[in-house]
Amino acid sequence: MKGISRRGLLASTASTFVLSGLAGGGRAIAAPAPSGNAALHADTEWRHYAADQANTRYSPLDQINAANFNDLEVAWSFKTDALGARKEYQFEATPLLIKGRLFTTAGARRDCIALDAATGELLWIHRLDEGERALNSPRQLSGHGVSYWTDGTKERILYVTIGYQLVSLDAATGQLDPEFGTNGVVDLKRDFDQEIDPVHSDVGLHSTPLVVKDLVVIGAAHTAGDVPEIRQNVKGYVRGFDVKTGRRKWIFHTIPLKGEFGYDSWIGGDADKAGNGGAWAQMSADEELGLVYIPVELPTGDETGIYRRGNALFGESLVAVDIETGVRKWHYQMVHHGLWDTDLPCAPILCDIPHNGRIVKALAQPSKQAYLYVLDRTNGKPIWPIVERKVEAGDVPGEWYSPTQPVPTKPPAYDQQGVSIDDLIDFTPELRAQAVEFVKNYKIGPLFTPPVISKPGRWGTISAPGVQGGTNWPGGSYDPETHIAYIYSKTQPSVMGIVPNTDTNVSEFAYVHGISGMAPRKMSRMGAESGGDFRPPAPPPPRPGQRPGGLPPGFLAVQGLPLIKPPYGRITAIDLSKGDIAWQVAHGETPDNIRNHPALKGLKIPRTGRPGNLGPLTTKTLVICGEAGFYTNEFGVRGAMLRAYDKATGLEKGAVYMPAPQSGSPMTYMLRGKQYIVVAIGGGNYSAELVAYRLPGKA
């Protein structure tokens, strides 16, 4: 197949393949609709990443229920190995279902595909080869999926490429829309209110576009994890485009320009040189109120704020903007001058809840810090009081510390916050004693205990939740009938230790950073401008009982077991009519290294749950969520389980085998009289796959 367009400087080629045979000369021909009337008239649809613009990830379907969940069978599966020059193992997309067709991005190149929702047959594929531009992107692989728009006649599928371009395709054929942008593509590195390198600049996006009315809203993301290498990185502005033409309608400056609201919250004009501040998470929208809700990350940098003194709006804030103009209507900052990488990681859930005798238009924002912030979505005011509480200051030279942080009074935190001796591993007295000895080399304390200068005897601050949360990008789900939100979170602390650079010509810091049970150490740095290598300090002397050359600071483990006691992953049901936790369960089978650890031989350990990034699906009767990570069952089979819980009680009602962990959030639909559950899986040595489950019997 030959490319149907080429984009000069960017060396990009675009092709659409329709898997219904070849026309002469390699030309792609129109795809037939899925076979049968049922495929054209699907029982239900799933038109948004999390079901709807409110991000509820809810469906009222109940053909699959507690009585039959264990009977589920694989209806079909779709491997993504051939999409791109290499296999993908982190498949984070949730497909859309429209008129019997599934649409998603997939594969290492982030191709856009359409599948028959009954059989998994490939209908068409669109690829955009962006060459060096894609190779240099900070956001690789398939991303979170696509978005859909229709005026009742035309149907369009929209997605953002690896190289940060917005593409509009005909949903029926996969062909580029000639009326949109330039031959169906809008270059998102242009018309950005800043000059950036079109090939090498640090900006991209994993999340799906937000389609609301005739507008498509696009955020921005940067290199994932920790502080950027330079202070003056790309600014992560948010823009709204006409969904029909691709013309930019508005832009919202997440880092305010001089004279704009929020600029004065930065000390000494620090906003002028700061970068990042993107909206890398999914967004929500309320068409009736005319508002888009934008979760904003930190400006540079994640654990050091010496270049963004002050509260520095709109860092770690939820911002509501007008759909038509992009003008800020209200904002709420969840963390002031954050030093813990507590970006708003996911879209807020829009929910109408009973409160003080009336129904309130609310939203519930899950967070890395394991608070569910519940606000009136018309004005940003808290539903229950959020109080400013004094917090400790740190010892990093040149750092600015907020004296207080906002703390919700309701709902209570849904995961561990802070670290104390009582939180340490306690499977046996010996393990507890070793853990107590271990933490003497670190600073511990409550939530918002600041990172400290790293030095022998105090390598850093152990923070919980860690830099990935708590809750991360998948977000939660919500039942509009019972007003209960279901949130997955993980208990996985991090070490944050700031290391001054010994190069006096560059004002910068690095930090020692480790995560419980994961990579032993990660060193990052942020320069005043750019350039230069950071040389980490020499490893510490071995601790008692540790062999020379053992684990460096940052590996939070005792005899290879997590430093903090379980559960390591959990699902929490939060009743938003009361602001209380209804139930909480450990989610995920106990990992092999814990079940088989010699120090725990003979002990009966309840299910510990597993840490990961997971999004639950809620149906009429069930909460459904796959596991993160692999485990080996009693038959020696390695894999993961897709589990179902009674949504009223949290009791597990069934589990079916998956050959790999859940990597994208599940969705469900009814088609041809059968309910399907579709989920992206992958990880370890198992490459990405989309799997559809249904009950036995012909569809």
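The values are calculated or read from the model by the stated rules, or taken from the named source; none is laboratory data. Bear in mind the structure is a predicted one, so any value in this text is a computation, not a measurement. Note that each Cβ is placed from the backbone with ideal geometry, even for glycine, and that neighbours are counted across all protein chains shown. When the accessible area is computed, the model is the full protein with side chains, heavy atoms only, and any ligands, DNA or RNA have been set aside. Shrake-Rupley method; radii C 1.70, N 1.55, O 1.52, S 1.80 Å.
What net charge do the residues around PRO366 carry, taking every other residue with its C-beta under 14 Å from that of PRO366, with Lys and Arg at +1 and Asp and Glu at -1?
Numbers: positive: ARG57, LYS368, LYS490, ARG570; negative: GLU316, ASP343, ASP415.
Local charge sum for PRO366: +1.
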Return the loop-located trypsin sites (Lys or Arg not before Pro) in the range 629-699 (DSSP other than H, G, I, E, B) with at most 14 other Cβ atoms within 10 Å of their own Cβ; answer none if there are none. LYS698
Given points 7 Å out from each Cα along the Cα-Cβ axis, report the ILE251 to ILE421 separation in nanometres with one decimal. 5.6
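If r is the Cβ-Cβ distance from ASP151 to ASP376 and R0 is 45 Å, what FRET efficiency results, to the nearest 0.05?
Values: r = 32 Å, r/R0 = 0.72.
After rounding to 0.05, the efficiency reads 0.90.
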Amide proton proximity set for TRP76, modelled H, under 5 Å, gap of 5+: ALA692
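Longer than 29 Å from Cα to Cα, which of LYS653/LYS674; LYS565/LYS653; LYS410/LYS604; LYS440/LYS490; LYS368/LYS674; LYS443/LYS604 are they? Say none if no pair is.
Values: LYS653/LYS674 20 Å; LYS565/LYS653 26 Å; LYS410/LYS604 35 Å; LYS440/LYS490 24 Å; LYS368/LYS674 37 Å; LYS443/LYS604 32 Å.
Too far apart for the 29 Å limit: LYS410/LYS604; LYS368/LYS674; LYS443/LYS604.
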Sparse-neighbourhood loop hits (chymotrypsin sites (Phe, Trp or Tyr not before Pro), the range 625-699; DSSP loop; Cβ within 10 Å at most 13 others) -> PHE635
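Which percent of the Cα-Cα distances in the range 208-277 go past 14 Å? Don't jump to the answer; show the numbers that get you there.
Working: 1564 of 2415 pairs.
The answer is 65 percent, as a whole percent.
Report the local net charge at ASP322: Lys and Arg +1, Asp and Glu -1, summed over other residues whose C-beta lies under 10 Å from its C-beta. Display every interim value, and only then the final one.
Numbers: positive: ARG328, LYS329; negative: GLU324.
So the surrounding residues net to +1.
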When we measure straight from the Cα of LYS213, which lysines land under 16 angstrom away, once same-chain ones fewer than 8 places off are left out? LYS154, LYS244, LYS249
Around PHE192, what is the net charge, scoring Lys/Arg as +1 and Asp/Glu as -1 over all other residues with Cβ under 12 Å from its Cβ? 0
What ³J(HN,Hα) values, in whole Hz, does the Karplus curve 6.51 cos²θ - 1.76 cosθ + 1.60 give for the range 176-187 when θ = phi - 60°, with x put for Gly and Pro? 4, 7, x, 8, 9, x, 9, 6, x, 10, 10, 7
Keeping all protein chains in place, calculate the accessible area per residue for the range 545-699 (probe 1.4 angstrom), answer in Å². 36
How high is the relative contact order of the chain, in percent, counting Cα pairs under 8 Å that sit 6 or more residues apart? 13
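Which loop GluC sites (Glu not before Pro) in the range 625-654, with loop taken from DSSP, have no more than 11 other Cβ atoms within 10 angstrom of their Cβ?
Details: sites: GLU627, GLU634, GLU652; in loops: GLU627, GLU634.
For GluC sites (Glu not before Pro) across the range 625-654 that sit outside H, G, I, E and B with at most 11 neighbouring Cβ atoms in 10 Å, the list reads GLU634.
Rounded to the nearest 5, what % of DSSP beta bridges with both residues in the chain are antiparallel?
On the way: 148 of 154 bridges.
Once the DSSP bridges in the chain are tallied, antiparallel ones form about 95 percent.
In whole Å and largest first, what semi-axes does the C-alpha gyration tensor of the range 405-489 yield when each eigenvalue is scaled by 5 and square-rooted? Don't jump to the answer; show the numbers that get you there.
Working: eigenvalues 191, 55, 25 Å².
Semi-axis lengths for the range 405-489 are 31, 17, 11 Å.
What fraction, in whole percent, of alpha-carbon pairs in the range 37-175 exceed 26 Å separation?
Details: 2540 of 9591 pairs.
Value for the range 37-175 (Cα pairs over 26 Å): 26 percent.
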Gyration tensor verdict on the range 557-699 (Cα atoms; rounded if a/c is under 1.5, prolate if a/b is larger than b/c, oblate otherwise): oblate
Using a 1.4 angstrom probe on heavy atoms only, work out the carbon and sulfur share of the accessible area of the range 380-435 in %. 56
FRET efficiency for LYS620 and ASP395, Cβ-Cβ distance as r, R0 = 35 Å, nearest 0.05? 0.05
Proximal aspartates and glutamates to LYS381, defined as alpha-carbon separation beneath 16 angstrom and excluding residues fewer than eight positions away on the same chain: ASP352
Assign one of three labels to the range 379-440, namely rounded, prolate or oblate, based on the Cα gyration tensor with a ≥ b ≥ c the square roots of its eigenvalues; rounded applies when a/c is under 1.5, prolate when it is not and a/b is larger than b/c, and oblate otherwise. oblate
Of SER168, TRP459, ALA393, which is farthest towards the positive pole of the chain's charge dipole, taken about the Cα centre with +1 and -1 on the beta-carbons of Lys, Arg and Asp, Glu respectively? TRP459
With θ taken as phi - 60° and the coefficients 6.51, -1.76 and 1.60, list the Karplus ³J(HN,Hα) couplings across the range 95-102 in order, rounded to whole Hz; mark glycine and proline as x. x, 9, 10, 9, 6, x, 10, 9
Any idea how far the Cα center of the range 592-665 sits from the one of the range 230-308, in Å? 38
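Out of all DSSP beta bridges in the range 193-337, what portion is antiparallel? Express it as a percent rounded to 5. Working shown, then result.
On the way: 26 of 27 bridges.
Within the range 193-337, antiparallel bridges account for around 95 percent of the total.
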So, with points 7 Å from each Cα along the Cβ direction, the ILE196-GLU179 label distance in nm works out to 2.9
Based on the alpha carbon coordinates of the chain, what radius of gyration and maximum Cα-Cα distance (Dmax) apply, in Å? 24.6, 75
When the charge dipole of the chain is computed with +1 at the Cβ of Lys and Arg and -1 at the Cβ of Asp and Glu, the Cα pointing farthest to the positive end, of PRO591, SER663, ALA680, is that of PRO591
Here the gain from full extension of LYS213 to ARG86, 0.36 nm per residue of separation minus their alpha-carbon distance, amounts to 42.0 nm
With R₀ set to 35 angstrom, the calculated FRET efficiency between the beta-carbons of VAL436 and ASP646, to the nearest 0.05, is 0.35
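Restricting things to Cα coordinates, could you compute the convex hull volume per residue of the range 329-374 in Å³? Each step should come with its number before you reach the end.
Details: hull volume 4.4 nm³, N = 46.
With only Cα atoms used, the range 329-374 gives 96 Å³ per residue.
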In straight Cα distance, which aspartates and glutamates are under 14 Å from LYS647, not counting same-chain residues fewer than 8 positions off? ASP62, ASP479, GLU481, ASP575
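If you wrap the range 243-343's Cα atoms in a convex hull and average its projection over all directions, what's the area in nm²? The partial results should precede the final answer.
Details: hull surface 26.5 nm².
Across all orientations, the range 243-343 yields a mean hull projection of 6.6 nm².
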Please list, in chain and number order, the residues 5+ apart from MET658 or on another chain whose amide H is under 5 Å from its amide H, with Hs placed from the backbone. ALA640, MET641, LEU642
Cβ charges +1 (Lys, Arg) and -1 (Asp, Glu), total dipole of the chain, debye: 860
Based solely on its DSSP helices, what 222 nm [θ] is calculated for the chain when runs of n ≥ 4 H residues each add -39,500 (n - 2.57) and the sum is averaged over all residues, nearest 500 deg cm²/dmol? -500 deg cm²/dmol
